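**Student:** Dropping the structure in here first, questions after.
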Amino acid sequence: MILQLNHLPRKTSAASAQDIVVTLQSLLEEGHLEHEQFANLCVHLDWIQYKQNFREAVTVIPCAEEPSGGLPFFEVHVDLRQIAQGALRAEMLKAMAPANPDFGHPRAVQEERVLLEEFRPFRTSIAWRFNRLYWQRLADWEKSTGRGYEEALPGGKSDANHPQAVADGVADFWTLVRDLDVKKQLPAEIFVLEIGVGMGTRAGLWLDRFHKLDQERGTNYYPRVRFLLGDYSPATLERSKAAVRAHMDQCSFVVLDALNPMQTLSFLRHKIQHIHMTNVYDNLPDEEMARRDGRLYVVEVRAYLPAGDAERIAKEYELSARDLGRCIERLLEAGPEHFADRARGVNFWQQVWAAMRLEERLVCVDDVRAESLPGELDRSRLDEILREAPSDVRFHLNSGALESFRNTLPLLSTRGYLQVQDIFVTHWSEYQLGFHGPGKLDGSIVNWVNGLLLRETAERAGYDVHFAPFRYREGSRTSILYTTQRE
Amino acid sequence: MKLPLLPTSVVGSYSMPGWLERLKTEYFARRISRHDLDEIHDNAVKAAIKDQEAAGVDVITDGELRRDNMMDYFLERLPGVQIDRSSKKFYYDFYNCSVQGKLPMALVGVADDFRFLRSFTDHETKFCVTGPHALTKRIHNEFYPNEEALATDLARVLNLEMKELVKAGAKVIQIDEPYYSGFPDDLDWCVKVLNTLVEGVDAKIVVHICYGNRYGKPSWEGSYRYLFPRILDAKVHQLTLEFARRGGEDLDLFREFKPPFELGVGVIDVKTQAVETADMVAERVRKALEFVPAERVTVLPDCGCFHLPRDIAFAKLCAMVEGTRLVRKELGQ
């Protein structure tokens, strides 16, 4: 058995590890666990920082099939933050039941879960439909909770809107514009794009600052600025107008999909001088992979509701167990207005979302279709990138972020640059030092972004990627990604 | 070989297949031998030749598939240029290199690659040589008093090689100078260096000047106006410029300055995967003919097709050929 202490608060590490070893040893001695299973067991101890997430206190992750034909290994993940004192043995027994039908547990775990889908890569999970619904019906959610989505962020507000960060960004941009002007390479129209505009606060601050700087320096660039606010939610764009009211002549509002800005803005190919995104990548569809003993696995998921939660919700909404699934489907199709009482619909949505968990299994990459790797990332390239990674590592593929990144770079002008504020993993070792999602933030999903894969993608597209810490707020986990031209 | 009116050609590079990229990287990781890589290159070049022939291109190249990039192919062969072989991460990266003493006059050794091309096609051929100005911008100069002096000596060395290419049968040689557009203030000495380069070379000399195509994106913006009137002193036969991506506004310069050389008109945008139709190509050719007589026009893509997937590159060349045929027909050919 391998016991991996991933990222635990110092005080709890030793005691928790001891508890696990003692518990598993007793399960082995009592015959709940076969010796062969014990030998193929890998136990991970985690401390998940997201109060809301998709994990049980103890989660068993089987390997779908051992490629060599040997006994499949399985992993047990224990979230020490969730586990109640003295509950470890019971939770362990319950979670491990499907891995050993002879455990004698009164009910198979499967019967304790209402499945919402079949196993699939996370990117295509129903969880992302909930995420989409959240952004489409944000006003409903906010009305119900009485707080704006930014207040639900870990810091209580978005790092996008830090005045000094915006001012520094504007100063850098002005320097670029000036340099282009001196070299007679500044086009008549200076295009700037922000994707994922939220309330429009950052766009407003940026334009205020640029206008002021331009006036102070007498350069008269401001009238040439064409600031594009891009978002896939027309309602969000509408709401952002108030924040840029003083600059409406400079602004355009564009409905676009962050996964493929080029699709909407192809007429601006190679024309945009600066593109900014804050906390967009961490909310784009994602999946995870794991490397175990040199082999590569896709982490497939299956969303479910714990039976107790499902029963409770069904009872409250006077639904049969069968109708519960249908009702969830209609919610995702039509939104909370599917219910006669919209507020009641939002409440149903919130309860389902809060209860939803993800079962996981590992599927060897050789068994899955090549299309499960995003875009230009084929197996040989991934192997090349992973040469620098630890032999046992679970990591995010962030296929949505990669897709967005690849479809954004062609918009940049010759000297243009992309700036992304987000939560990035920039060294492989970080995956062994912390939990990087998925977590739940109110009604949305959050994942840390694999900066290593972004860097690789960028290099192939002619850009170097750099990461700088967000130094404007103490304790912030945000980093700033920015691109420079690669020779 | 008699070429048709409005002959079609390519700027140099053809689509670099993904498998060849991976094998080049394998070579750099020392997982395959130089001998194997040479054989792989031979086969890739034959395929590129066949594709150009099948598309109906009149004047073809070897697709430059042996080249990691347009700089290193020459720099690592140039006597007197010191290469830091550890400075590449990917095969297409540029080497860091320097010149620490006067460049010796010696052959560069690329004529065999031209001979290989000649031996596998009956079509008219073209060989591309990266120009001294572009090479100078990639070399860390630790010896010469200025860039012009280094470029002049590079031109003298490359002049030997161009004469060797002529001996090998080259009738058309293209000089690639994409950095002119990034450093327009250099143009005065660039033209002098260009004339040193081509002195006594008995071949049709084409100069290709674009706005860069590194990673399939432009390196600079602007107008070709900076070339005029200084470029009129260049002793070359054809100027090949990009017009598909940038539009045809600068064509007017050919009416304004009446240059003595032919025009190679770029009608295929190599920085997008959208494939032009034959009609679009025909329209771009007709536009060029408003400014330059058909007898003095060659039809090409804007730049090399290096970054395009093979099927896209092939489709674009087919569209270029078909569009040109439409115009020839209108001209009674």
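A short reminder: the numbers here are calculations on the coordinates, not readings from a lab. All values reported here derive from a predicted model rather than from experimental measurement. Cβ placement follows ideal geometry from the backbone for every residue including glycine, while neighbour counts extend to all protein chains displayed.
**Student:** Going by amide H atoms built from the backbone, whose H comes under 5 Å of the H on B:Arg67, apart from near neighbours?
**Tutor:** The answer is none.
**Student:** Next question. With the cut-off at 1.5 for a/c, could you classify region A:379-487 from its C-alpha gyration tensor as rounded, prolate or oblate?
**Tutor:** Oblate.
**Student:** Another question, then. Could you compute the net charge surrounding A:Ala314? Neighbours are other residues with a C-beta less than 15 Å from the C-beta of A:Ala314; K and R count +1, D and E count -1.
**Tutor:** With Lys, Arg at +1 and Asp, Glu at -1, the net is 0.
**Student:** Also: Determine, for B:Asp51, B:Asp176, the number of other Cβ atoms within 10 Å of each Cβ, and report the residues in order from fewest to most.
**Tutor:** Fewest to most other Cβ atoms nearby, the residues stand as B:Asp51, B:Asp176.
**Student:** Run through the DSSP bridge list for region B:1-142 and note the antiparallel percent, rounded to the nearest 5.
**Tutor:** 35
**Student:** Amide H neighbours of A:His274 under 5 Å, at least 5 residues apart or on other chains, H built in the peptide plane: list them.
**Tutor:** HN-HN under 5 Å from A:His274: A:Leu193, A:Tyr417.
**Student:** Between A:Arg460 and A:Gln49, what length in nm is gained on full extension when 0.36 nm per residue of separation is reduced by their alpha carbon distance?
**Tutor:** Length gained, A:Arg460 through A:Gln49: 144.5 nm.
**Student:** Between region B:32-94 and region B:275-319, how many Å separate their Cα centres?
**Tutor:** Answer, in whole Å: 24.
**Student:** Taking amide H positions as placed 1.01 Å from N in the peptide plane, with prolines and chain starts having none, which residues 5 or more places from A:Val43, or on another chain, fall under 5 Å of its amide H?
**Tutor:** Counting only residues 5 or more places away or on other chains, the set is A:Ile2, A:Leu3, A:Gln4, A:Val76.
**Student:** Something else about it: Per 10 Å bin, what is the whole-percent P(r) computed from every C-alpha pair distance within region A:151-236?
**Tutor:** 16, 46, 28, 10, 1
**Student:** Now for a separate question. Given a Förster radius of 51 Å and the C-beta distance between A:Ser252 and A:Val393 as r, what FRET efficiency does 1/(1 + (r/R0)^6) yield to the nearest 0.05?
**Tutor:** 0.75
**Student:** Now, a different point. Which listed residue (A:Ser320, B:Ala149, A:His32) has the Cα farthest towards the positive end of the charge dipole for the protein assembly as shown, taking +1 on Lys and Arg C-beta and -1 on Asp and Glu C-beta about the Cα centre?
**Tutor:** In the protein assembly as shown, that residue is B:Ala149.
**Student:** Starting from one equal scatterer on each C-alpha and no solvent at all, send me the Debye-based log10 I(q)/I(0) for region B:217-319 at q = 0.13, 0.17, 0.18, 0.22 Å⁻¹, two decimals.
**Tutor:** For region B:217-319, the Cα-only Debye profile gives -0.47, -0.78, -0.87, -1.20.
**Student:** Give the cross-link partners of B:Lys192 among the aspartates and glutamates, using a straight C-alpha distance below 18 Å as the criterion and excluding same-chain residues fewer than 8 apart.
**Tutor:** B:Glu147, B:Glu148, B:Asp153, B:Asp176, B:Glu177, B:Asp233
**Student:** Let me know the shape class of chain B, please: from the alpha-carbon gyration tensor, a ≥ b ≥ c as square roots of the eigenvalues, rounded when a/c is under 1.5, otherwise prolate if a/b is greater than b/c, or oblate.
**Tutor:** In terms of gyration-tensor shape, oblate.
**Student:** Evaluate the charge dipole of region B:186-225 about its Cα centre and quote only its size in Debye, nearest 20, assuming +1 on the Cβ of each Lys and Arg and -1 on the Cβ of each Asp and Glu.
**Tutor:** Roughly 220 debye for region B:186-225.
**Student:** Please list the radius of gyration and Dmax for chain A, considering alpha-carbon atoms only, with Å as the unit.
**Tutor:** Radius of gyration, then largest Cα-Cα span, for chain A: 24.5, 82 Å.
**Student:** Please list 3J(HN,Hα) in residue order for region B:105-117, calculated via the Karplus relation 6.51 cos²θ - 1.76 cosθ + 1.60 where θ = phi - 60°; whole Hz, with x for glycine and proline.
**Tutor:** Residue by residue, region B:105-117 yields 7, 7, 5, 7, x, 10, 5, 4, 5, 5, 4, 4, 4 Hz.
**Student:** Something else: Mind running the shape call on region A:409-454? Use the C-alpha gyration tensor, a ≥ b ≥ c as the square roots of the eigenvalues: rounded below 1.5 for a/c, prolate if a/b tops b/c, oblate otherwise.
**Tutor:** Taking the square roots of the gyration eigenvalues as a ≥ b ≥ c, region A:409-454 is oblate.
**Student:** With +1 on each Lys and Arg Cβ and -1 on each Asp and Glu Cβ, how big is the dipole of region B:1-120 about its Cα centre, in debye rounded to the nearest 20?
**Tutor:** Dipole size: approximately 240 debye.
**Student:** Considering only DSSP beta bridges with both partners in chain B, what is the antiparallel share in %, to the nearest 5?
**Tutor:** 10
**Student:** Under the definition of Cα pairs under 8 Å and six or more residues apart, what whole-number percent is the relative contact order of region A:285-443?
**Tutor:** Result for region A:285-443 is 34 percent.
**Student:** Now a separate question. For each of B:Tyr92, A:Tyr281, count neighbouring Cβ atoms within 10 Å of the residue's Cβ, then give the residues from fewest to most.
**Tutor:** Ranked by crowding around the Cβ, least crowded first: B:Tyr92, A:Tyr281.
**Student:** Starting at the first residue of region B:250-257, write each ³J(HN,Hα) from the Karplus equation 6.51 cos²θ - 1.76 cosθ + 1.60 with θ = phi - 60°, in whole Hz, x for Gly and Pro.
**Tutor:** 3J(HN,Hα) across region B:250-257, in whole Hz: 6, 4, 4, 4, 6, 7, 5, 9.
**Student:** Which helices, counted as full DSSP H runs in chain A, have an axial Cα extent of no less than 27 Å and a Kyte-Doolittle average of -0.5 or above?
**Tutor:** Answer set is A:10-29, A:163-182.
**Student:** Taking a quarter of the surface of the Cα convex hull of region A:309-445, what do you get in nm²?
**Tutor:** So the mean shadow area of the Cα hull is 12.6 nm².
**Student:** Dipole magnitude of chain A about its Cα centre, charges +1 at Lys/Arg Cβ and -1 at Asp/Glu Cβ only, in debye to the nearest 20?
**Tutor:** My answer is approximately 1760 debye.
**Student:** Just the C-alpha atoms of the protein assembly as shown: what Rg/Rh do they give, with Rh taken as the Kirkwood radius?
**Tutor:** Using Cα coordinates only, the ratio equals 1.03.
**Student:** Just the number, please: Stokes-Einstein D of region B:133-257 in µm²/s, Kirkwood Rh from C-alpha pairs, 4 °C, 1.567 mPa s.
**Tutor:** Estimated diffusion coefficient is 84 µm²/s.
**Student:** Turning to a different aspect of this structure: Considering only the other residues whose Cβ falls under 12 Å of the Cβ of B:Pro178, what net charge follows from Lys and Arg at +1 and Asp and Glu at -1?
**Tutor:** Computed value for this residue: -1.
**Student:** Report relative contact order for chain A in percent, whole number only (criteria: Cα-Cα under 8 Å, sequence separation at least 6).
**Tutor:** 19
**Student:** What's the exposure ranking of A:Arg473, B:Arg31, going from fewest to most Cβ atoms within 10 Å?
**Tutor:** B:Arg31, A:Arg473
**Student:** Right, next: Could you work out the equivalent-ellipsoid semi-axes for region A:1-62, taking the square root of 5 times each eigenvalue of the Cα gyration tensor, largest first, in whole Å?
**Tutor:** 23, 14, 10
**Student:** With θ set to phi - 60°, apply the Karplus curve 6.51 cos²θ - 1.76 cosθ + 1.60 along region B:78-92 and write out the HN-Hα couplings as whole Hz, x wherever there is a Gly or Pro.
**Tutor:** Per-residue couplings from phi come out as 6, x, x, 9, 8, 10, 8, 6, 8, 8, 9, 9, 10, 4, 7 Hz.
**Student:** Lys and Arg at +1, Asp and Glu at -1: add these up for the other residues within a Cβ distance under 14 Å of A:Glu333 and post the number.
**Tutor:** Result for the local shell: +3.
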